[in-house]
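Heads up, the thing below is written out as structure tokens.
The values are calculated or read from the model by the stated rules, or taken from the named source; none is laboratory data. Just so it is clear, the structure is predicted and the values come from calculations on it, not from any experiment. Glycine gets a Cβ as well: all are built from the backbone with ideal geometry, and neighbour counts include every protein chain shown. Each accessible area value is taken on the protein alone, full model and side chains, heavy atoms only, with ligands, DNA and RNA left out. Shrake-Rupley method; radii C 1.70, N 1.55, O 1.52, S 1.80 Å.
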Amino acid sequence: MNTPLHAPRSPVHQLLAAALLLSLAACGGGGGTSTEPPAAQDSAALSASRPGELATYVQQRLRTLDAQGRLGGGATLVGLPVTASPQPTAGSATPARSSTLVQEAGVDEADLIQTDGSHLYTLQPAASGGPRVAVYSRDTAGRAQALGEVALPTDGALDIGVEGMVFSSDQQSLAVLTRRWLPVPAPEVCAGCASITVAWMRSTVDVQRVDVSTPAAASAGERISIDGILVDSRRIGDSLIVVTSHRPTLPVEVMPTGTSAADRAAAIARVTTADLLPRMRRNGGASEPLLADTDCYLQPANGSLDLSFTTITVFNLRSPTLARSSRCFVGGSEAMYMSLGHLYVATTRWTYTEGPVPLVYPPQIQTDIHKFALTDGTVTYRGTGQVDGHLGWNGEQKSYRLSEHNGDLRVLSFTGEAGWAATRNSAIAASPARLTVLRERSSDQTLQTVATLPNATRSAAIGKPGEQVFAVRFVGDRGYVVTFMRTDPLYVLDLSNPADPRTVGEVEVAGFSEMLLPLDNGLLLGVGRDADSAGRITGLKVALFDVSNPAAPTQRSSLTLGAAGSSSAMDFSRHGLNMMVVGNTARVALPVNLSSTDYRDWQAGLQQLQVDTAAGTLVKRSLLGARDGSSGGPLWLERSVQIGDQVYYLSQGTLQTFDW
């Protein structure tokens, strides 16, 4: 289901993650401040690892860390590194329906609700036991009727989080993605460490097959668990591409303080490939290898001492055993983006970790981008390039900073070191955004820079001094960028000539958009926050922009929902909003918790909005399922979907039906 960040973690997961982040001072892909100087950025191409080369590569980095006194001593935790689908034709038995909001048409994304038009499936955590996949049918009036549910196994996990699910192409099965934290006996990680008082943990990403060929008798099938954390996932056809990041904890890193240099050196020499690579488990059974060292790539020019591994696993969703293949490279990952033809994984050579202050990137940071092709379920490396800056602070929005068009990759990065909260009252202006166009050069497996913006000829910045980037959307040969500190400039980029990108128009309005949704007739819908003239955030804002004339974009209409302290499902997931286009009408449903006065008197429910794309109008409709929102509520678990004249609202673990 396709219509062109993961949910906040549970309290248990937040505590686990906080403890882990404090322990990962040598691990990339987290948040905080830099702990090592930048590496040179030339000759960035990956190279296939030869037998035994991977272990040698890591041993060299361990020796460097040891010489710098950065191997650490004592306890640590294990496992954490850092357009719509085709609508039925007239006369079809199945009515038109909406689907998961996705970045690229034809590239599906996992979500908490799915439908084939006649049945609906929801994924929610349970108060006790494993997550539940609930199954509903639609009666003759379009009302959702519960058929049953499938409880997923726990395997003794201390915490299980739900990431989403996708259909197989024939809609006969679902692939459910969850994340788990499981206790691990200390000797399994470090022989001789049993006397150390420590809560050993393993983080895994689970892919669970659920057979829905007979919805009333849906059942859980094969489950594959992979060591690490989820970077992101996508589905094309029957290939589910899952990118995970794994940071092994090695015995030498947990040796007691005071261990002799000779003993540390001996421990480093004993490091093997089996100690490094993520492993997998079938249905909670014994661990087994996921890949070999020769399935991995090294980056010889990468001077980073980060010991993370990024793994790309392709699952065959038509296979009852979830047949798969995996490749990996050394280094953590910031984000993944996927077009119909290629997979891109963004990473960095800088190490930064979570600290007591908001994330501050190292100065002059660059982001490596690795390109892979997916052919017949096999991942093939194509090349690597670099861009100045990083992909921002919002993990749910990072993939939207990348877009492939006519074979070129466009990347909108930001070269500022600190986020908006740390700079908006500072006299030091943040650096502007930067657009980079990359093109593959197969002769040396590099992604060459074709153009940047700003540049010597077109020097105007994308964003005013002190502003941050809040939303990016690429649509064909256009780009749209929202920056903000006190007002919201929406910039329109002309990318029709990849060698000469340029800013062609802008419009300033109050507040800012965090998500931009392209509509028919040259319209763009923005969802974000309103703000007063001083830049103080007030309520939620939905704005309708006319970008039919790129040189003179305008705001046609806007709505403010609630006062300061209001929130929506889009604050937690890029899939929080649901939209269905019927002719010239775009019907939008958004779970919200609105305050009637600043940070007081909340009311929650599903907010209806409607856009007439022919007239260029935006109107607010009812708040469906309205309830007292003063106690908050897990908006990150709320979703909606539309089928025909009904809208289905998943809230507080139950599915409600309303007429649009």
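Quick check on the stretch 157-172: of everything there that is closer than 14 Å to SER239 by Cβ and touching a strand residue (DSSP E or B) at 6+ places or on another chain (Cβ under 9 Å), which residue is surrounded by the fewest Cβ atoms within 10 Å (Cβ to Cβ)? First the steps, then the outcome.
We begin by selecting, within the stretch 157-172, every residue closer than 14 Å to SER239 by Cβ; these are 166-170.
Narrowing the set further to residues that are touching a strand residue (DSSP E or B) at 6+ places or on another chain (Cβ under 9 Å) leaves 166-169.
On the way: VAL166: 24, PHE167: 21, SER168: 21, SER169: 15.
Checked the stretch 157-172; the qualifying residue surrounded by the fewest Cβ atoms within 10 Å (Cβ to Cβ) is SER169.
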(message) So in the stretch 145-156, with the set limited to residues that are open to solvent by 20 Å² or more (accessible area, probe 1.4 Å) and at pLDDT 95 or above, which one is nearest to the chain's Cα centre (by Cα)?
(response) ALA151
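Quick test for you: out of ALA626, ALA615, ALA604, pick the one residue that is touching a Ser or Thr at 6+ places or on another chain (Cβ under 9 Å), farther than 22 Å from ARG97 by Cα and of a type outside the set (Ser, Thr, Tyr).
Values: ALA626 fails: touching a Ser or Thr at 6+ places or on another chain (Cβ under 9 Å); ALA615 fails: touching a Ser or Thr at 6+ places or on another chain (Cβ under 9 Å).
None of the others qualify; the one that does is ALA604.
State all residues of the stretch 294-304 that are open to solvent by less than 10 Å² (accessible area, probe 1.4 Å), of a type outside the set (A, V, I, L, M) and either in a strand (DSSP E or B) or under 18 Å from THR375 (Cα atoms) (or both); if no residue qualifies, say none.
CYS296
Going by the structure shown, is GLY416 at negative phi, modelled with pLDDT under 95 and open to solvent by less than 30 Å² (accessible area, probe 1.4 Å)?
Working: at negative phi: yes; modelled with pLDDT under 95: yes; open to solvent by less than 30 Å² (accessible area, probe 1.4 Å): yes.
So GLY416 passes the test.
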(request) Name every residue in the stretch 44-74 that is in contact with a helix residue (DSSP H, G or I) (Cβ under 9 Å, 6 or more places away or on another chain), open to solvent by less than 20 Å² (accessible area, probe 1.4 Å) and within 15 Å of CYS296 (Cβ to Cβ), in order of residue number. (result) SER49, LEU54, ALA55, VAL58
(message) Please go through the stretch 305-332 and give me each residue that is within 21 Å of the chain's Cα centre (by Cα), open to solvent by 10 Å² or more (accessible area, probe 1.4 Å) and hydroxyl-bearing (Ser, Thr, Tyr), ordered by number.
(response) SER326
(request) Say whether the condition of being touching a helix residue (DSSP H, G or I) at 6+ places or on another chain (Cβ under 9 Å), open to solvent by 30 Å² or more (accessible area, probe 1.4 Å) and modelled with pLDDT of 90 or more is met by at least one residue in the stretch 335-350. (result) no
(message) From the list VAL492, VAL507, VAL481, exactly one residue is within 24 Å of the chain's Cα centre (by Cα) and either under 25 Å from GLN608 (Cβ atoms) or in a strand (DSSP E or B) (or both). Which is it?
(response) VAL481
(message) Report every pair of residues separated by at least 6 positions or lying on different chains whose Cβ atoms are under 6 Å apart, first residue within the stretch 195-215 and over 20 Å from GLU253 (Cβ atoms) and basic (Lys, Arg), second modelled with pLDDT under 95 and part of a strand (DSSP E or B).
(response) none
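Regarding HIS370, is this residue modelled with pLDDT of 90 or more and open to solvent by 10 Å² or more (accessible area, probe 1.4 Å)? Working first, answer last.
On the way: modelled with pLDDT of 90 or more: yes; open to solvent by 10 Å² or more (accessible area, probe 1.4 Å): no.
Criteria not met by HIS370.
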(request) Within the stretch 250-287, track down each residue that is surrounded by 20 or more Cβ atoms within 10 Å (Cβ to Cβ) and at positive phi. (result) none
(request) Could you please let me know if ASP530 is in contact with a helix residue (DSSP H, G or I) (Cβ under 9 Å, 6 or more places away or on another chain) and not hydrophobic (A, V, I, L, M, F, W, C)? (result) no
(request) Look at the stretch 93-146 and say how many of its residues are part of a strand (DSSP E or B), hydrophobic (A, V, I, L, M, F, W, C) and farther than 20 Å from ALA175 by Cβ. (result) 2
(message) For the stretch 443-453, which positions are surrounded by 13 or more Cβ atoms within 10 Å (Cβ to Cβ) and farther than 18 Å from VAL492 by Cα?
(response) GLN445, THR446, LEU447, THR449, VAL450
(request) Pull up the stretch 540-577, narrow it to residues that are open to solvent by 30 Å² or more (accessible area, probe 1.4 Å), assigned to a loop (DSSP other than H, G, I, E, B) and aliphatic (A, V, I, L, M), then point me to the one that is farthest from VAL504 (Cα to Cα). (result) ALA552
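If the requirement is being modelled with pLDDT of 95 or more, hydroxyl-bearing (Ser, Thr, Tyr) and surrounded by fewer than 18 Cβ atoms within 10 Å (Cβ to Cβ), which of these qualifies: SER118, SER34? Spell out how you get there, then give the answer.
Working: SER34 fails: modelled with pLDDT of 95 or more.
Checking each option against the conditions leaves just SER118.
Mind listing whichever residues of the stretch 186-209 are modelled with pLDDT of 70 or more and open to solvent by 10 Å² or more (accessible area, probe 1.4 Å)? Working first, answer last.
First pass over the stretch 186-209, keeping only residues modelled with pLDDT of 70 or more: 201-209.
If the condition is that a residue be modelled with pLDDT of 70 or more and open to solvent by 10 Å² or more (accessible area, probe 1.4 Å), then MET201, ARG202, ARG209 are the ones that fit.
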(request) Quick one: ARG536 ticks every box in (1) touching a strand residue (DSSP E or B) at 6+ places or on another chain (Cβ under 8 Å); (2) surrounded by fewer than 16 Cβ atoms within 10 Å (Cβ to Cβ); (3) over 19 Å from ILE462 (Cα atoms); (4) not small (Gly, Ala, Ser) except a single one, so which number is it? (result) (1)
(request) Go through the stretch 454-498 residue by residue and tally those that are open to solvent by 30 Å² or more (accessible area, probe 1.4 Å), out of contact with any strand residue (DSSP E or B) (no Cβ under 8 Å at 6 or more places or on another chain) and within 20 Å of THR415 (Cα to Cα). (result) 5
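Please work out if PRO51 is at pLDDT 90 or above and assigned to a loop (DSSP other than H, G, I, E, B). Even if it seems obvious, please write down each step before you answer.
Details: at pLDDT 90 or above: yes; assigned to a loop (DSSP other than H, G, I, E, B): yes.
Against the criterion (at pLDDT 90 or above and assigned to a loop (DSSP other than H, G, I, E, B)), PRO51 qualifies.
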(request) All but one of (1) modelled with pLDDT under 95; (2) in contact with an Asp or Glu (Cβ under 8 Å, 6 or more places away or on another chain); (3) closer than 30 Å to SER118 by Cβ hold for VAL135, so report the exception by its number. (result) (1)
(request) Kindly provide the set of residues from the stretch 210-249 that are in contact with a His (Cβ under 8 Å, 6 or more places away or on another chain), open to solvent by 20 Å² or more (accessible area, probe 1.4 Å) and small (Gly, Ala, Ser), ordered by number. (result) none
(request) Examine the stretch 583-597 for a residue that is open to solvent by less than 20 Å² (accessible area, probe 1.4 Å), at positive phi, of a type in the set (Gly, Ala, Ser) and not in a strand (DSSP E or B), and state whether such a residue exists. (result) no
(request) Name the strands (runs of 3 or more DSSP E) wholly inside the stretch 609-660 in which the number of residues that are open to solvent by less than 60 Å² (accessible area, probe 1.4 Å) and β-branched (Val, Ile, Thr) is 2 or more. (result) 639-643
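For LEU290, indicate whether it is surrounded by 22 or more Cβ atoms within 10 Å (Cβ to Cβ), over 26 Å from GLN68 (Cβ atoms), touching a Leu at 6+ places or on another chain (Cβ under 6 Å) and hydrophobic (A, V, I, L, M, F, W, C). So that I can check it myself, show each step before the final result.
Values: surrounded by 22 or more Cβ atoms within 10 Å (Cβ to Cβ): yes; over 26 Å from GLN68 (Cβ atoms): yes; touching a Leu at 6+ places or on another chain (Cβ under 6 Å): no; hydrophobic (A, V, I, L, M, F, W, C): yes.
So LEU290 does not fit the description; no.
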